[in-house]
Amino acid sequence: MSQDVVAIVLAAGQGTRMKSALPKVLHRIAGRTLVEWSVAAALDAGARECVVVVGHGRDTVEDVTRRRFGERVRFALQTEQHGTGHAVRCAMEQALADFEGTVLILYGDCPATPPATLKELLAKTRGRRLGLVTARLSSPRGYGRILRREGRVVGIREDKDCDASERAIDEVNPGIYAVDAAFLRAAIADLGSDNAQGELYLTDVVAMAEDVVDVQGEMRQLQGVNDRWQLAACAAVLRERINEALARAGAGLVDPSTTYIDADCVVEADATVAPQVHLRGRCVVRSGAHVDVGCVLRDVEVAAGAYLQPYTVAADSHIGERAQVGPFAHLRPQTILSEGSKVGNFCETKKTTLGKGSKVNHLAYVGDGVIGARVNVGAGVIFCNYDGVQKHTTTLEDDVFVGSDSQLVAPVTIGQGAYVASGSTITKDVPAGALAIARHRKQDNKEGYATRLRERFAAAKRSADEPDEPE
Ligand code: UD1
Ligand code: CA
């Protein structure tokens with residue numbers, strides 16, 4: 001019969017060493033909070049469900065985990081934090097009173113814990129009372145030390161409770177346990193707080209088990225987050241893991257050490273991601289797409305064959321097949337670029353659909369636009385979409401040509417195939433096939449006037465430069 005496993009993740013502490021208003025387990029790495037990383041590892045390793053012990057930041061911790069894991073998470077409340085043993089007691093009493101099977105216990109501040117290590121622990125603990133992971137660490141300060149007798153683990157001593165010889169032990173407790181539920185229930189009822197911190201230590205359960213198995217882990221993966229420096233160290237481990245998995249599956253990461261990809265992004269095989277790119281949230285970069293240097297994308301889909309030139313910044317947008325963007329373009333939410341379309345340098349788009357093969361090439365702002373196919377929007381064109389109170393739509397039908405430096409004052413529609421002359425301010429709809437010219441006045445060429453104007457300006461400059469006559 002397969003092992004029945006539920007997990008407990010301890011996430012009630014404030015984490016004072018973070019020196020942050022935000023509870024520790026809500027800090028983020030690669031787009032996920034620390035507590036989400038821990039819960040995901042437990043479920044990946046085979047836990048059927050996970051009980052999260054909450055306290056500080058309780059509402060937010062419940063929100064973020066429920067949003068991601070739905071029915072697979074439940075919660076236990078630890079109103080005052082009397083230690084890790086007390087936290088587990090809260091979980092067992094409130095959520096697992098009748099559970100029989102194996103309880104996998106993790107701390108919510110060890111985000112890089114590999115599911116494979118947890119699986120190995122569960123396999124080895126099967127039929128035993130207690131199993132734990134241990135690891136070697138050259139500077140073990142701060143961690144609980146593993147006590148062995150004749151090679152077997154017989155207990156854990158917290159750093160603050162160690163004597164000099166115990167402090168020298170370099171085998172530490174990363175804080176991962178698999179425990180038989182019935183034994184755990186009895187053991188946590190017996191915990192005392194006669195220790196340096198006056199807390200109920202979960203680690204004291206180990207000495208009570210008598211029949212302990214252990215699995216060796218790698219400390220770099222298992223390190224905890226107590227302060228922001230350790231948060232950055234864990235982030236580096238996870239970033240490398242994400243990038244390695246993508247690269248080994250065929251994604252073209254040119255320089256993984258400078259590439260930041262959130263855990264929920266997809267980069268398909270044969271897509272290229274250049275150095276210094278940030279993919280945040282839920283981006284998808286399809287096969288054959290190319291995201292060049294310095295692009296920062298959040299929740300963006302980049303279709304096959306699309307090319308994002310350097311320093312494109314985009315959010316919540318879709319970039320169609322073989323579309324081209326940038327360099328230095330800003331696509332704001334709800335930008336949809338159809339196949340083969342183009343948004344060039346120093347353009348900003350927002351809530352705009354650009355039809356097949358259409359181009360917005362230079363220094364334009366297009367907001368609240370509905371743009372058909374094969375449209376050309378010239379340099380410096382502005383969609384005046386906002387009247388100070390409401391946003392209005394600008395519609396450009398297929399094959400429209402808008403000359404440079406025009407302003408289209410929305411709501412306004414330019415009919416199919418129409419032309420807007422450069423420098424026009426368009427306030428009325430333009431019928432299909434028409435030419436609209438809306439300039440301040442007609443052009444007037446005064447022959448020879450430029451030479452006379454220049455002479456006048458030069459004379460004015462000479463008289464300004466002459467020293468004043470003495471009186
Ligand atoms: C703990 C272990 C130590 C181990 C280290 C590994 C104990 C007594 N010590 O120490 O052996 O080497 O982790 O990182 O277990 N928490 C609660 N409620 C509480 C106390 C803590 O939910 O009352 C949660 C915290 O939010 C945190 C986790 O448990 O996510 C660990 O607590 P922390 O105070 O960081 O324990 P350490 O001192 O690091
Ligand atoms: Ca810790």
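To the nearest 20 debye, what is the magnitude of the charge dipole of region 371-464 about its Cα centre, counting +1 on the Cβ of each Lys and Arg and -1 on the Cβ of each Asp and Glu?
Working: 12 positive and 9 negative charges, 164 e Å.
About 780 debye.
So for the chain, what percent of the C-alpha to C-alpha distances run longer than 39 Å?
Values: 50224 of 110685 pairs.
When every Cα pair of the chain is considered, 45 percent fall beyond 39 Å.
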Residue-wise HN-Hα coupling along region 92-102, computed from phi with Karplus coefficients 6.51, -1.76, 1.60 (Hz; x: Gly, Pro) = 5, 6, 7, 10, 10, 4, 10, 6, 10, x, 9
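As an exercise, use a Förster radius of 25 Å and the Cβ-Cβ distance of Glu210 and Ala168 to find the FRET efficiency, rounded to the nearest 0.05. Write down the numbers at each step before the final one.
Numbers: r = 26 Å, r/R0 = 1.02.
Rounded to the nearest 0.05, the efficiency is 0.45.
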What share of the DSSP beta bridges in the chain is antiparallel, in percent to the nearest 5?
-> 20 percent
Between region 252-320 and region 332-393, the alpha-carbon center distance in angstrom | 21 Å
Under 4.7 Å Cβ to Cβ, no partner at all: give me those cysteines from the chain, in residue order.
-> Cys50, Cys90, Cys110, Cys162, Cys234, Cys295, Cys347, Cys384
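With r defined as the distance between the Cβ atoms of Thr425 and Arg456 and R0 fixed at 35 Å, what FRET efficiency is calculated, to the nearest 0.05? Provide the component values of the computation, followed by the final result.
Details: r = 32 Å, r/R0 = 0.90.
E(calc), rounded to 0.05, equals 0.65.
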For region 408-445 and region 88-162, what is the separation of their Cα centres, given in Å?
-> 73 Å
Distant-in-sequence amide H partners of Glu49 (H built 1.01 Å from N, under 5 Å) = Ala7
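Would you mind getting the accessible area per residue of the chain, heavy atoms of the protein chains only, 1.4 Å probe, in Å²? Provide the component values of the computation, followed by the final result.
Working: 22880 Å² over 471 residues.
Per residue, the chain has 49 Å² of solvent-accessible surface.
What net charge do the residues around Ala434 carry, taking every other residue with its C-beta under 12 Å from that of Ala434, with Lys and Arg at +1 and Asp and Glu at -1?
Values: positive: Lys428; negative: Glu397, Asp429.
Neighbourhood net charge equals -1.
Taking region 199-300, how much of its Cα-Cα pair set, in percent, is spaced more than 15 angstrom apart? Walk me through the numbers on the way to the answer.
Values: 3534 of 5151 pairs.
Pairs farther apart than 15 Å: 69 percent.
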Leaving ligands, DNA and RNA out of it, report the carbon-plus-sulfur percent of the accessible area of the chain at a 1.4 Å probe.
-> 49 percent
Where does each of 217-225, 312-320 land if you order them by average Cβ count within 10 Å, highest first?
-> 312-320, 217-225
Rounded to the nearest 500, the 222 nm mean residue ellipticity computed for the chain from DSSP H runs (n ≥ 4, each -39500 (n - 2.57)) alone is -7000 deg cm²/dmol
Computed on Cα atoms, the radius of gyration and Dmax of region 5-228 in angstrom are 16.0, 47
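May I ask you to rank Trp229, Trp37 by accessible area, largest first, using a 1.4 Å probe over the protein chains only? Before the final figure, lay out the partial values.
On the way: Trp229 205, Trp37 30 Å².
Greatest to least solvent exposure: Trp229, Trp37.
The values are calculated or read from the model by the stated rules, or taken from the named source; none is laboratory data. Remember, it's a predicted structure, so these values are computed and weren't measured experimentally. Neighbour counts run over all protein chains shown; Cβ positions are idealised from the backbone, glycine included. Please note that ligands, DNA and RNA were not included when accessible areas were found on the heavy atoms of the full protein model with its side chains. Shrake-Rupley method; radii C 1.70, N 1.55, O 1.52, S 1.80 Å.
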